[in-house]
1. Of everything in segment 24-60, what is surrounded by fewer than 10 Cβ atoms within 10 Å (Cβ to Cβ) and in contact with a helix residue (DSSP H, G or I) (Cβ under 9 Å, 6 or more places away or on another chain)? Give them in sequence order.
2. Considering each residue of segment 9-23, count those that are surrounded by fewer than 17 Cβ atoms within 10 Å (Cβ to Cβ) and over 8 Å from the mean Cα position of the chain (by Cα), and give that number.
3. For segment 17-61, give me each residue that is closer than 17 Å to residue 7 by Cβ and in a loop (DSSP other than H, G, I, E, B).
4. Consider only pairs whose beta carbons are under 7 Å apart and that are at least six residues apart or on different chains; among these, list those whose first residue lies in segment 32-52 and is touching a residue at least 24 places away in the same chain (Cβ under 8 Å) and at negative phi and whose second residue is exposed (fewer than 15 other Cβ atoms within 10 Å of the Cβ) and outside any loop (DSSP other than H, G, I, E, B).
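Nothing in this text is a laboratory measurement; each read-out follows from the coordinates by a stated rule. Just so it is clear, the model here is predicted, and its values are computed rather than measured. Reconstructed Cβ throughout: ideal geometry from the backbone, glycine too, with neighbour counts over all protein chains shown.
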């Protein structure tokens, strides 16, 4: 039997990235080449910290907290 790592999804500005369950929000943000400052992390309807570890099937949404005008 072959076991595949359980996955979670990271979304940012139309991009989607599949990551292994257990990945921290901090690592996911860095995988996108973003700085921890200036973004908000959200799973479902709740904000999560950079130390939060994603669970199988969860969708992490990264939102820019700063925008130009």
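1. Result: 35, 49, 51.
2. Matching residues across segment 9-23 total 9.
3. 21, 22, 23, 32, 44, 52, 54, 55, 56, 57, 58
4. 39/63; 39/64; 40/47; 40/63
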